[in-house]
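Worksheet for the structure shown next.
Every number in this text was worked out from the coordinates using simple rules, so none of it is lab data. This structure is a prediction, so every number in the text was calculated from the model and none was measured. Counting neighbours? That spans all protein chains shown, and the Cβs are built from the backbone with ideal geometry, glycine included.
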Amino acid sequence: MNKSNTFFITVLLCPSLMASEPVEQKYNASISIGEEYNSNLTIDELDLGSNQSGLLTNIELEVDAQLSPSKDHQINLAYMFSRSIHEEYSEFDLESHGFSLGYDFTEGDYTYGLDYMFFDATLDSADFLQMNFITPSVSYMLNDTSLLRFAYNFTDKSFDTFTDRDADSNGVDISYYSFFNQAKSYFRWQLSTAQEDAVTDEFDFDSYTVGFSVNSTVPSLAEGAKVNFDIKYSERDYSQRTEEIMAFRAEEWSQVRLNLIVPIYENMTLDFGVEHNDRASNLASADYTETRAMVDFIYEF
């Protein structure tokens, strides 16, 4: 589904767009520049760990808008750009552009959503990967501090060179949110499943993921300071034998990430982050660990 088709669906679902009442509009933009150390440069989409460490510069830009034709309807639009520049290994330089369009409709304790995103990436300045995401969802407020969200995820993945990895994926996601600190902070528990069907059968897999995250303000540190903690565990089972190992692939993947975001001046923040990934696989090239440490300067317009 292309972007114009998604917008057409949005208009059909949101007749209030045609109403004469004024549309509330909000716009945000941010740019970040940072440095990162990576203990093992990897390309997850190609099942490739390099066993090479390196320093890199990350640049990100995001612009988004929220349009509210009425109090029950909201349209979200966003553009995202990111680029990583490695000091030594340019073959890992990644540049991406992302466009998203979403619509939310709230009725009582329920919120219905439909989101679309297009992602285009280059690797070492060469065309690499395009992805389309479509996500319908429904959320329900259980009480003043708890929310339950169900989502269906469809992903279309298309490689420019590695076309045998082109694939469609279908999955579901269930998330439970518990809000605290006057809804400025929350806990999140997540369970998701996915089934990926690739052009080449040996890349077909079923997976599930469980996760937990905390997003909280830290007023004792500084006004506006935040801490984000995420932990995930995934398993993948491949449905066909992999020729390289003459066996069925099986993988376990765990990820832990911690970010501390501290305001330093008006509209300016520093984001300190550390992340550890452990991917255990019976395919040697996809069996690796990775630790990242990063600091980003963020300016919000």
- Item | Label-to-label distance, nm, for residues given as S239 and N181 (7 Å Cα→Cβ offset) | 4.3
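Exposed loop sites here are trypsin sites (Lys or Arg not before Pro) in DSSP loop states with at most 15 other C-beta atoms within 10 Å. What is the longest stretch of the chain lacking them? Write down the numbers at each step before the final one.
Details: sites that count: K71, K184.
For trypsin sites (Lys or Arg not before Pro) (loop position, at most 15 other Cβ atoms within 10 Å), the longest site-free span of the chain is 185-301.
When the helix-only estimate is applied to the chain (DSSP H runs of n ≥ 4, each -39,500 (n - 2.57), divided by the residue count), what is the mean residue ellipticity at 222 nm, nearest 500 deg cm²/dmol?
Working: 1 runs with 11 residues, N = 301.
After summing the helix terms and dividing by residue count, I get -1000 deg cm²/dmol.
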- Message: I'd like the FRET efficiency for L61 and E88, computed as 1/(1 + (r/R0)^6) with the beta carbon distance as r and R0 of 25 Å, rounded to 0.05.
- Response: 0.50
- Task: Please determine, in degrees from 0 to 90 and to the nearest 10, the orientation of helix 3-13 with respect to the longest principal axis defined by the Cα atoms of the chain, where the helix direction is its Cα long axis.
- Result: 40
- Message: Using all alpha carbons of the stretch 152-301, what is the percent of pairwise distances in each 5 Å bin, ordered from the shortest bin to the longest?
- Response: 2, 8, 13, 15, 16, 14, 12, 9, 6, 4, 1, 0
- Note on the structure: Listing D47, D124 by rising number of other beta-carbon atoms within 10 angstrom, fewest first, gives D124, D47
- Largest-first principal axis extents of the Cα set of the stretch 15-133 (Å): 57, 27, 26
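Dipole magnitude of the stretch 3-300 about its Cα centre, charges +1 at Lys/Arg Cβ and -1 at Asp/Glu Cβ only, in debye to the nearest 20? Mind dumping the intermediate values first?
On the way: 17 positive and 52 negative charges, 243 e Å.
Computed about the Cα centre, the dipole is about 1160 debye.
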- Out of I33, V227, H86, whose Cα points farthest toward the positive end of the dipole of the chain (charges: +1 Lys, Arg; -1 Asp, Glu; placed on Cβ)? V227
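Just want to confirm a number: the relative contact order over the chain, from Cα pairs under 8 angstrom separated by 6+ residues, in percent. Please list the in-between numbers first.
Numbers: 804 pairs, mean separation 37.9, N = 301.
Computed value for the chain: 13 percent relative contact order.
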